[in-house]
Amino acid sequence: EVRAPFVYYISLTGVTGTKAAAAVEPARLDAIRKAASAPVAVGFGIRTPDDARRFSTIADGVVVGSALVELVAAGDPSGAPERVATLVRALAAAMPR
């Protein structure tokens, strides 16, 4: 039996980084968890601490990509690590432990 370390649930259709994450039914995540015997992380459209908080209450994890890439690309490249670290700290602080 092959077991996935986690399932990546894409919260919207389209191109990542262009829209806000859609609502996700908790029952759907529960069904996926049960079928896959794996935790479920939600991604696509998650950009802010509020998004992370909202999805972390129903998912086992959240995936943030485009928002971080945009921070790297914005402004002075030497400041990118601190910009990324600031957002990651805010995302982590917003989610219950």
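The values are calculated or read from the model by the stated rules, or taken from the named source; none is laboratory data. Source: prediction; values computed, not measured. Heads up, the Cβs are rebuilt from the backbone with ideal geometry, glycines too, and the neighbour counts pull from every protein chain shown. Just so you know, the surface numbers come from the protein's heavy atoms only, side chains and all, with ligands and any DNA or RNA stripped out. Shrake-Rupley method; radii C 1.70, N 1.55, O 1.52, S 1.80 Å.
Quick notes on this structure:
- The residues of the stretch 1-15 that are open to solvent by 60 Å² or more (accessible area, probe 1.4 Å) and either touching a strand residue (DSSP E or B) at 6+ places or on another chain (Cβ under 9 Å) or at pLDDT 95 or above (or both), listed by number, are Phe6, Tyr8, Ile10.
- Among residues of the stretch 32-56 being free of Cβ contacts under 8 Å to residues at least 40 places away in the same chain, in a helix (DSSP H, G or I) and open to solvent by 60 Å² or more (accessible area, probe 1.4 Å), the one that is nearest to Val69 (Cα to Cα) is Arg54.
- Members of the stretch 57-97 that are assigned to a loop (DSSP other than H, G, I, E, B), closer than 28 Å to Ala4 by Cβ and small (Gly, Ala, Ser): Ala59, Gly65
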